[in-house]
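K.L.:
Following this message is one structure expressed as C-alpha cells.
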Amino acid sequence: MKIIKSLLMGASLAMVASAASVSYAATSGNTLATVDPEADRLALQSYFQKRFPKVQVEDYVNGIYALDAPSREQWQDIEEFPPYEFDIEEGEELFNEAFANGKSYADCFANGGIGIRQNFPRWDEAQGQVVTLELAINQCREANNEKALGWKKGKIAKISAYMAFTSRDNVFDVQIPNDDAKAAYLDGKQSFYTRRGQLNMSCANCHVAGANILIRADLPGPTLGQVTHFPVFRSKWGELGTLQRRYGGCQKNVRGEPQKTQGDKFRNLEFFQTYMSNGLVVNGPGSRK
Amino acid sequence: MMNRRSVLKAVFTGGLVAGFGVLMPRVALAAWSKAAFEASSQEMAMGALYDADPSASAEVTLKAPDIAENGAVVPISVKSGLAGVTSIAIFVENNPQPLAAQFTIPEGTLANVSCRIRMGKTSSITAVVTTATGSFSASKEVKVTIGGCGG
Amino acid sequence: MAKGILRAKAKAKGGNTVVKIMAKHDMETGNRKDKSGNKIPANYIQTLSVAYNGKTVMESNMGTAISKNPYLSFTFVGGAKGDELQMTWTEITGATATETAKIK
Amino acid sequence: MKKTISLVSVLMMVSGGVAAQSFDDAFNSQRAMYGKGHSFTFEGQTYITDHPEEVAAAVEANADNAAKLLAAAKEQHSQVVALDFGWTLTKGLLKASAKSLADGDFRKSMDTSAQAQYHARMGIAQYHQSQAEWIMAVPQ
C-alpha cells in the first residue's frame with residue numbers, strides 16, 4: 001500500500017524533475033518569507049532521480065545500498081540476521097519497564113508509543129522547539145522523576161530502535177504547522193548546506209553532490225532516506241547509535257568541532273533532514289558499515 | 001545473562017574442554033584444535049589440521065566481497081559440490097591467528113555454511129573442504145580499506 | 001523467562017531445515033589493548049554445536065577471526081515445524097550452556 | 001579514481017566561484033605552491049606568501065612575545081568557538097604552544113600560536129562566508 005503510494009509519488013516526481021532544472025545559483029529559499037519546504041523536498045528528490053534514474057524513490061530508505069550493488073550485497077547478508085536484533089529486544093524490555101512512580105514510556109506518547117516514529121521530529125508549540133524522538137524519551141523520563149539518559153548510544157538508542165521497529169513501513173509525515181516551525185526548518189536547511197571545519201565541507205557536499213562518489217574508501221549515502229533507518233548498528237561502532245551521534249561524527253570527520261547533541265542546531269537539522277524524507281517509510285533500526 | 005546452573009556447568013565442562021584440546025589427535029576434527037586455532041601462520045594452522053596441503057578445486061565455492069565494507073564484519077559463505085564432505089574450514093592469511101572457523105559437517109548436513117569474519121587488513125581468504133579422499137581449497141583476496149568517514 | 005546469548009531462526013522447507021544462529025558475544029581476541037594499554041584477555045566462543053533429535057547436525061569451532069556477535073548459517077536434511085534444536089556453546093573461559101530453539 | 005576527481009569538481013562548482021584571480025586566489029595558489037616566505041607579484045605589486053599571523057610571529061623569540069601571541073590566538077579561538085565554528089585541531093595547537101612556552105621553546109610556541117590563530121581566523125571567515133553563500137548549494 002505504502003509502497004504503491006511512494007511509487008505513484010515517484011512517477012509524479014519524474015514529471016516534476018523534467019521541468020525543474022538543478023542549478024546552484026538559487027535566488028530564493030533562504031528567508032522565512034521565501035523558503036518553501038515542499039518545493040525543497042521535491043527539488044531534492046528530482047535531483048536524485050536525475051542522477052540515478054534507475055533507482056526507485058522508495059529504495060532510498062536503504063541509503064547507499066540503493067546505489068552501490070557490491071555494498072548492498074554485503075549489507076543484505078548482514079541483514080539476514082542483523083546485529084541490532086538484540087538491541088530491539090533490550091529496547092522493548094526497557095520501553096516496558098515501569099518507572100519508580102509506576103508509569104512508563106507508553107504513558108508519555110500517542111498510541112502508547114507504538115508505531116509513531118514517522119511523526120518525529122515534531123514541532124512542539126508549547127515548548128516552541130523541535131522535539132526529536134530521543135528528546136521526547138528523555139522528557140518523558142524527567143516528567144516521571146527519572147534521570148535523563150545519555151543521548152548518543154546505549155539505552156536511549158535501544159528504546160528509540162524498538163520504537164522505530166514498531167513503526168516500520170509507516171510513512172514519514174513531518175509537519176511544519178506554522179512560521180516558528182518553518183523558521184526551525186530554515187535553520188536546519190541552512191545547517192545542512194553550510195560548510196564547516198578545516199575541510200570546509202557541508203552535509204550536502206557529501207550527501208547531495210557527493211552521494212555515491214568515493215571519498216577515500218567511502219561512498220557517502222544520499223541524504224534522501226538517510227534518516228529513515230536510524231538508529232543504526234554501525235560496524236565501525238560495533239554497537240547501536242543515534243542519528244545525532246552520527247551528526248557529531250560527520251562534523252569531526254570534516255575537522256570541525258561538533259555542535260551540541262540535541263541542541264537547537266542538531267534538532268533543527270534533523271527536522272529539515274527528516275522533512276526531506278517525508279513520503280518514505282520508516283525502516284529503522286538499520287545496520288551500516 | 002547466564003543463570004547460576006550454567007555457570008556451575010561452565011566450571012565443570014570447562015576443565016573437560018581444555019583437557020580435550022591437548023589430548024585430541026590431529027586427525028579428529030571434532031574438537032577445537034588449540035594447535036590450529038592459535039597458530040600464528042596459515043601454514044602452521046593447516047599443518048595442524050591436514051596431513052597434506054589442500055589442493056585447489058573448482059568444486060569449492062567461496063563467496064566473499066572484493067572490497068569489505070568493514071573489516072570487522074565480512075560475510076563469507078562456502079559451499080561445495082564434492083561428495084562426502086566432513087569438514088569446512090576458513091583461513092584469513094594475514095590475521096594474527098589465520099584459522100577463523102572450522103565446521104564439522106555430519107552426514108545429512110549440506111556442505112554449505114555462512115559466517116562473518118574479522119579481517120585486520122587486506123588478505124587472501126582460503127576455504128578448505130575435507131572429504132574422505134582429501135582436502136580441497138578455494139581462495140580469494142578481500143580488500144580491507146581505511147575509510148574516509150566509515151569503516 | 002531468562003534468555004540465553006543465542007538467537008536462532010530455523011525454517012523447515014522442502015524437506016530441509018535452514019538454520020541461522022547469532023550469539024551475543026564480543027569475541028575478544030586477546031590482541032586488543034584497553035585505554036590504559038593493558039591487553040584485554042581473550043574471551044571468545046570456541047565451539048557451537050547444534051543437535052536435532054539428539055543427533056549433532058553442526059559442530060562449529062571458532063577462532064579469533066570470527067566477528068563480534070558471531071553468526072552461523074547452515075542447512076540440514078529433515079527437521080519439521082515445531083521440532084526443537086539444542087544448541088550448546090562453550091567459551092574459551094570454559095563457560096558453557098545449552099539453549100534451545102523451535103523450528104518454524 | 002574518476003569518481004574522486006568528479007567530487008572535487010563538484011565541490012569547486014558549489015563553492016560559489018568568485019571572480020577569477022582575485023588577490024586571495026593569487027595568494028592562495030602561490031602559498032599552496034611555494035609555502036610561506038615566498039615573494040610573488042600581483043598587479044605590479046610584490047607580496048610575500050606569509051599569513052598575517054606568521055608575519056606577527058616573525059619577531060624576536062622571547063617569553064614576552066610568545067605569551068602575547070598565545071593570548072592573541074586564544075582570544076581569536078574563543079571568538080570562533082562563540083560562533084560554533086571551531087576546527088578540531090586548534091585546541092591541540094594552543095595546548096602545544098602553551099607547553100613549548102613553558103618549556104622555554106619560544107620560537108616553537110610562537111609558530112604554533114600563529115598556526116592556531118590562523119585556524120581561528122579562517123573558521124570565523126568560513127562562518128561569514130557560509131552565512132552569505134550556503135543557499136547557492138541548494139538544488140532548485
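K.L.:
Which ones in the stretch A:95-149 are under 21 Å from the mean Cα position of the chain (by Cα), polar (S, T, N, Q) and open to solvent by less than 60 Å² (accessible area, probe 1.4 Å)?
P.N.:
A:Gln118, A:Gln129, A:Thr132, A:Asn138, A:Gln139
K.L.:
When you go through A:Ala157, A:Ala143 one by one, which is the residue that is at pLDDT 95 or above and in contact with a Gly (Cβ under 8 Å, 6 or more places away or on another chain)? If you could, list the steps in order and put the result at the bottom.
P.N.:
Details: A:Ala143 fails: in contact with a Gly (Cβ under 8 Å, 6 or more places away or on another chain).
None of the others qualify; the one that does is A:Ala157.
K.L.:
Then there's this: Mind counting the residues in the stretch B:136-151 that are at pLDDT 90 or above, open to solvent by 20 Å² or more (accessible area, probe 1.4 Å) and more than 12 Å from B:Ser80 (Cα to Cα)?
P.N.:
Of the residues in the stretch B:136-151, 5 are at pLDDT 90 or above, open to solvent by 20 Å² or more (accessible area, probe 1.4 Å) and more than 12 Å from B:Ser80 (Cα to Cα).
K.L.:
Pull up the stretch A:228-262, narrow it to residues that are among the polar types (S, T, N, Q) and in a loop (DSSP other than H, G, I, E, B), then point me to the one that is modelled with the lowest pLDDT. Full working, then the answer.
P.N.:
Taking the stretch A:228-262 as the starting set, the residues that turn out to be among the polar types (S, T, N, Q) are A:228, A:235, A:242, A:244, A:251, A:253, A:259, A:261-262.
From the residues that got through so far, the ones that are in a loop (DSSP other than H, G, I, E, B) too are A:228, A:235, A:242, A:259, A:261-262.
On the way: A:Thr228: 95, A:Ser235: 89, A:Thr242: 96, A:Gln259: 96, A:Thr261: 96, A:Gln262: 96.
Among those that are among the polar types (S, T, N, Q) and in a loop (DSSP other than H, G, I, E, B), it is A:Ser235.
K.L.:
C:Lys68 - would you say it is assigned to a loop (DSSP other than H, G, I, E, B), modelled with pLDDT of 90 or more, of a type in the set (D, E, K, R) and under 19 Å from B:Val92 (Cβ atoms)? Outline the logic, then answer.
P.N.:
Working: assigned to a loop (DSSP other than H, G, I, E, B): yes; modelled with pLDDT of 90 or more: yes; of a type in the set (D, E, K, R): yes; under 19 Å from B:Val92 (Cβ atoms): yes.
Judged against the criteria, C:Lys68 is a match.
K.L.:
A further question follows. If you scan the stretch B:66-97, which residues turn out to be open to solvent by 20 Å² or more (accessible area, probe 1.4 Å), more than 17 Å from the chain's Cα centre (by Cα) and under 28 Å from C:Arg32 (Cα atoms)?
P.N.:
Residues satisfying the conditions are B:Asp66, B:Ile67, B:Glu69.
K.L.:
Looking at the stretch A:186-202, which of its residues are in contact with a Leu (Cβ under 7 Å, 6 or more places away or on another chain), more than 10 Å from chain D (Cβ to nearest Cβ) and surrounded by fewer than 24 Cβ atoms within 10 Å (Cβ to Cβ)?
P.N.:
From the stretch A:186-202, those in contact with a Leu (Cβ under 7 Å, 6 or more places away or on another chain) are A:186, A:188, A:191-192, A:198; that's our starting set.
Then drop every residue that is not more than 10 Å from chain D (Cβ to nearest Cβ), which leaves A:186, A:188.
Correct list: A:Leu186 only.
K.L.:
In addition: Anything in the stretch A:52-74 that is in contact with an Asp or Glu (Cβ under 7 Å, 6 or more places away or on another chain) and within 9 Å of another protein chain (Cβ to nearest Cβ)? List them, or say none. Give the steps one after another, and end with the answer.
P.N.:
First pass over the stretch A:52-74, keeping only residues in contact with an Asp or Glu (Cβ under 7 Å, 6 or more places away or on another chain): A:66, A:70-71, A:74.
Answer for the stretch A:52-74, where residues must be in contact with an Asp or Glu (Cβ under 7 Å, 6 or more places away or on another chain) and within 9 Å of another protein chain (Cβ to nearest Cβ): A:Pro70, A:Ser71, A:Gln74.
K.L.:
Where in the stretch B:105-145 are the strands (runs of 3 or more DSSP E), entirely inside, with at least 3 residues that are away from every other protein chain (no Cβ under 12 Å)? Spell out how you get there, then give the answer.
P.N.:
Values: elements: B:112-117, B:123-131, B:134-144.
Hits in the stretch B:105-145: B:123-131, B:134-144.
K.L.:
Against the condition at pLDDT 95 or above, under 22 Å from A:Asn283 (Cβ atoms), open to solvent by 50 Å² or more (accessible area, probe 1.4 Å) and of a type outside the set (Val, Ile, Thr), how does A:Gln175 come out, does it pass? Don't jump to the end; show me each part of the working.
P.N.:
Numbers: at pLDDT 95 or above: yes; under 22 Å from A:Asn283 (Cβ atoms): yes; open to solvent by 50 Å² or more (accessible area, probe 1.4 Å): yes; of a type outside the set (Val, Ile, Thr): yes.
Spelling it out, A:Gln175 is indeed at pLDDT 95 or above, under 22 Å from A:Asn283 (Cβ atoms), open to solvent by 50 Å² or more (accessible area, probe 1.4 Å) and of a type outside the set (Val, Ile, Thr).
Each row is one residue, and each column tells you yes or no for (1) part of a loop (DSSP other than H, G, I, E, B); (2) within 25 Å of A:Tyr84 (Cα to Cα); (3) more than 14 Å from chain B (Cβ to nearest Cβ).
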site: A:Cys140; (1), (2), (3): no, yes, yes
site: A:Gly150; (1), (2), (3): yes, yes, yes
site: A:Ala161; (1), (2), (3): no, yes, yes
site: A:Ala164; (1), (2), (3): no, yes, yes
site: A:Ala184; (1), (2), (3): no, no, yes
site: A:Ala204; (1), (2), (3): no, no, yes
site: A:Val208; (1), (2), (3): no, no, yes
site: A:Pro220; (1), (2), (3): yes, yes, no
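K.L.:
Out of the residues in the stretch A:222-249 that are within 19 Å of A:Val61 (Cβ to Cβ) and of a type in the set (A, V, I, L, M, F, W, C), state the one that is farthest from the other protein chains (Cβ to nearest Cβ).
P.N.:
A:Val227
K.L.:
Still on this model: Any residue in the stretch B:69-96 that's at the interface with chain A (Cβ under 9 Å from one of its Cβ atoms) and farther than 15 Å from B:Thr122 by Cα: show its pairings with residues that are open to solvent by less than 50 Å² (accessible area, probe 1.4 Å) and at pLDDT 95 or above at Cβ separation under 7 Å, as long as the two are six or more apart or on different chains.
P.N.:
Note: pairs meeting the criteria are B:Ser77/B:Val113; B:Ser77/B:Ser114.
K.L.:
Continuing with the same structure: Looking at (1) free of Cβ contacts under 8 Å to residues at least 60 places away in the same chain; (2) away from chain A (no Cβ under 12 Å); (3) open to solvent by 50 Å² or more (accessible area, probe 1.4 Å), find the lone condition where D:Gln140 falls short.
P.N.:
Among (1) free of Cβ contacts under 8 Å to residues at least 60 places away in the same chain; (2) away from chain A (no Cβ under 12 Å); (3) open to solvent by 50 Å² or more (accessible area, probe 1.4 Å), D:Gln140 violates only (2).
K.L.:
Taking the stretch D:113-137, which residues are open to solvent by less than 20 Å² (accessible area, probe 1.4 Å) and under 15 Å from the mean Cα position of the chain (by Cα)? Show your work before the answer.
P.N.:
Within the stretch D:113-137, the subset open to solvent by less than 20 Å² (accessible area, probe 1.4 Å) is D:113-114, D:116, D:119-120, D:123, D:126, D:130, D:134-135, D:137.
Of everything in the stretch D:113-137, those that are open to solvent by less than 20 Å² (accessible area, probe 1.4 Å) and under 15 Å from the mean Cα position of the chain (by Cα) turn out to be D:Ser113, D:Ala114, D:Ala116, D:His119, D:Ala120, D:Gly123, D:Gln126.
K.L.:
To continue, here is another question. Among the candidates A:Lys289, A:Lys260, A:Lys252, which residue alone is touching a residue at least 60 places away in the same chain (Cβ under 8 Å) and within 9 Å of another protein chain (Cβ to nearest Cβ)?
P.N.:
A:Lys289
K.L.:
Within the stretch D:43-57, which residues are assigned to a helix (DSSP H, G or I), open to solvent by less than 50 Å² (accessible area, probe 1.4 Å) and either within 13 Å of D:Arg121 (Cα to Cα) or modelled with pLDDT of 90 or more (or both)?
P.N.:
D:Glu53, D:Glu54
K.L.:
Shifting gears a bit: Residues to consider are A:Val130, A:Val35; find the one that is touching a residue at least 40 places away in the same chain (Cβ under 8 Å) and part of a strand (DSSP E or B). Working first, answer last.
P.N.:
Working: A:Val35 fails: part of a strand (DSSP E or B).
The unique qualifying residue is A:Val130.
K.L.:
A further question on this structure: Yes or no: D:Ala96 over 14 Å from the mean Cα position of the chain (by Cα), away from chain A (no Cβ under 14 Å) and in a helix (DSSP H, G or I)? If you could, list the steps in order and put the result at the bottom.
P.N.:
Numbers: over 14 Å from the mean Cα position of the chain (by Cα): yes; away from chain A (no Cβ under 14 Å): yes; in a helix (DSSP H, G or I): yes.
Yes: the conditions hold for D:Ala96.
K.L.:
Could you check how many residues of the stretch C:69-88 are within 7 Å of chain B (Cβ to nearest Cβ) and open to solvent by 40 Å² or more (accessible area, probe 1.4 Å)?
P.N.:
1
K.L.:
Could we say that C:Lys35 is at negative phi, at the interface with another protein chain (Cβ under 7 Å from one of its Cβ atoms) and either touching a residue at least 24 places away in the same chain (Cβ under 8 Å) or not aliphatic (A, V, I, L, M) (or both) here?
P.N.:
Working: at negative phi: yes; at the interface with another protein chain (Cβ under 7 Å from one of its Cβ atoms): no; either touching a residue at least 24 places away in the same chain (Cβ under 8 Å) or not aliphatic (A, V, I, L, M) (or both): yes.
The answer is no for C:Lys35.
K.L.:
Among the residues of the stretch A:263-286, which ones are in contact with a strand residue (DSSP E or B) (Cβ under 8 Å, 6 or more places away or on another chain), away from every other protein chain (no Cβ under 11 Å) and either at positive phi or in a helix (DSSP H, G or I) (or both)?
P.N.:
Once the filter is applied, which keeps residues that are in contact with a strand residue (DSSP E or B) (Cβ under 8 Å, 6 or more places away or on another chain), away from every other protein chain (no Cβ under 11 Å) and either at positive phi or in a helix (DSSP H, G or I) (or both), the stretch A:263-286 yields A:Arg267, A:Asn268, A:Glu270, A:Phe271, A:Gly279.
K.L.:
Condition (residue is within 14 Å of chain A (Cβ to nearest Cβ), of a type in the set (A, V, I, L, M, F, W, C) and open to solvent by 80 Å² or more (accessible area, probe 1.4 Å)) applied to the stretch D:58-81: is it met by at least one residue? Working first, answer last.
P.N.:
Looking only at the stretch D:58-81, we keep the residues that are within 14 Å of chain A (Cβ to nearest Cβ), and these are D:77-81.
Restricting the remaining residues to those that are of a type in the set (A, V, I, L, M, F, W, C) gives D:80-81.
This time we only want the ones that are open to solvent by 80 Å² or more (accessible area, probe 1.4 Å), so: none.
So far as the stretch D:58-81 goes, no, none of its residues is within 14 Å of chain A (Cβ to nearest Cβ), of a type in the set (A, V, I, L, M, F, W, C) and open to solvent by 80 Å² or more (accessible area, probe 1.4 Å).
K.L.:
Additional query: Could you look through the stretch C:1-49, keep only residues that are among the polar types (S, T, N, Q) and assigned to a loop (DSSP other than H, G, I, E, B), and pick out the one that is surrounded by the most Cβ atoms within 10 Å (Cβ to Cβ)? I'd like the intermediate steps shown before the answer.
P.N.:
Step one: of the stretch C:1-49, the residues among the polar types (S, T, N, Q) are C:16-17, C:29, C:31, C:36, C:38, C:43, C:46-47, C:49.
Now restrict to residues that are assigned to a loop (DSSP other than H, G, I, E, B): C:29, C:31, C:36, C:38.
On the way: C:Thr29: 21, C:Asn31: 13, C:Ser36: 5, C:Asn38: 8.
So the residue we want is C:Thr29.
The values are calculated or read from the model by the stated rules, or taken from the named source; none is laboratory data. In this text, all values refer to a predicted model and were calculated from it rather than measured experimentally. Heads up, the Cβs are rebuilt from the backbone with ideal geometry, glycines too, and the neighbour counts pull from every protein chain shown. Just the protein is used for accessible areas: all its heavy atoms, side chains included, with ligands, DNA and RNA removed. Shrake-Rupley method; radii C 1.70, N 1.55, O 1.52, S 1.80 Å.
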